[in-house]
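Student: Here it is: the structure, laid out below.
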Amino acid sequence: MQAALGVTAFSLTFPATAWGLEGFGPWSLVAVRCVLAAVIAGGALLALRVPVPARRHLAGLAVVAAGVVVGFPLLTTLALQTSTTAHAAVVVGLLPLTTALFSALRTGARPSRMFWLAACTGAAAVIAFTVQQSGGALTGADAYLFCALLICAAGYTEGGRLARLMPGWQVIGWALVLCLPLSVPGALIALSYEPVHLTAHSVTGVLWVAAGSQFLGLVVWYRGMAAIGVPKASQLQLAQPLLTLVWSVLLLGERLTPAAPLTAAAVLVCIALTQRARG
């Protein structure tokens, strides 16, 4: 349930980023979201008097920070300058399978053959749908999206491992706080070079990606991964591109093709199979 809530929060990230880019430059948007999310997380850590993580956890938190706090938001934001949210959603379609692969390498997990078959089938369905939505054309943003896919999978995997050792909200909270020495000066520099035009959309977009996507969504996501395991939780993200496309229609005015309900049904079947498969 918590992993599913995280996926719902993440599904709004691309539309919210598109809104944020209406008033912020890409570097400003990412830096400001990191700072705001770190303020929220740091306030919660201080209020609850959470002790500083042990030194042995710092390397893992650095991986989470590099992949989830900085890398994925920056690379996808740069991509969304020239890519539609539908095309960018292909990253999320590939992310579950990539995360499962990273998890197998990092933790020694060995999901069953049915798990891998269902995961690959679901990923293929999502890829086909998102490519069809974008007209089958590849853009210059694809390099950003591919790199974002890899670095985010590493961050998810390491965060899921750490969430077995400490509460998930503390994992992302400390990762955000660790980034403050870079995000604060980065925000000041970016804001001085990129013009800002505050609108209802841009402010709402920044606030959502900071509070919803960057902190609250990751809190429930990591707790969900700790409860059911990284490979199985990652497969719930197969539904994320479809949710993103729904939000894109409602919030951005994009249009969906008739293939959407068929793809949604195929993806839901694959998710059900991965949840039933035993590693």
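Student: Do we have Thr82 as among the β-branched types (Val, Ile, Thr), at pLDDT below 90 and open to solvent by 70 Å² or more (accessible area, probe 1.4 Å) here?
Tutor: Yes: the conditions hold for Thr82.
Student: Separate question: So Met166 passes all but one of these: (1) within 20 Å of Val35 (Cα to Cα); (2) outside any helix (DSSP H, G or I). Which condition number does it fail?
Tutor: Among (1) within 20 Å of Val35 (Cα to Cα); (2) outside any helix (DSSP H, G or I), the lone unmet condition for Met166 is (1).
Student: Follow-up. State whether one or more residues within the range 210-222 are over 14 Å from the mean Cα position of the chain (by Cα) and either in a helix (DSSP H, G or I) or under 15 Å from Leu12 (Cα atoms) (or both).
Tutor: Checking the range 210-222: not a single residue is over 14 Å from the mean Cα position of the chain (by Cα) and either in a helix (DSSP H, G or I) or under 15 Å from Leu12 (Cα atoms) (or both).
Student: Open to solvent by 20 Å² or more (accessible area, probe 1.4 Å), of a type in the set (Gly, Ala, Ser), more than 24 Å from His87 (Cβ to Cβ) and free of Cβ contacts under 8 Å to residues at least 60 places away in the same chain - does that describe any residue in the range 197-212?
Tutor: Yes, the range 197-212 contains at least one residue that is open to solvent by 20 Å² or more (accessible area, probe 1.4 Å), of a type in the set (Gly, Ala, Ser), more than 24 Å from His87 (Cβ to Cβ) and free of Cβ contacts under 8 Å to residues at least 60 places away in the same chain.
Student: Can you pull out every residue in the range 31-64 that is in contact (Cβ under 8 Å) with a residue 12 or more places away in the chain, open to solvent by 10 Å² or more (accessible area, probe 1.4 Å), of a type outside the set (Lys, Arg) and closer than 30 Å to Gln81 by Cα?
Tutor: Selection gives Ala31, Val32, Val35, Leu36, Ile40, Ala62, Val63.
Student: What are the pairs, 6+ residues apart or on separate chains, where a residue within the range 4-30 that is farther than 20 Å from Val246 by Cα has its Cβ under 6 Å from a residue that is in a loop (DSSP other than H, G, I, E, B) and among the charged types (D, E, K, R)?
Tutor: As it stands, the answer is Gly25/Glu194; Ser28/Glu194, since those pairs meet every condition given.
The values are calculated or read from the model by the stated rules, or taken from the named source; none is laboratory data. Owing to the predicted nature of the structure, the values given are computational and were not obtained by experimental measurement. For neighbour counting, all protein chains shown are included, and Cβ atoms are generated from backbone atoms with ideal geometry for every residue, glycine included. Heavy atoms of the whole protein, side chains included, go into the accessibility calculation; ligands, DNA and RNA do not. Shrake-Rupley method; radii C 1.70, N 1.55, O 1.52, S 1.80 Å.
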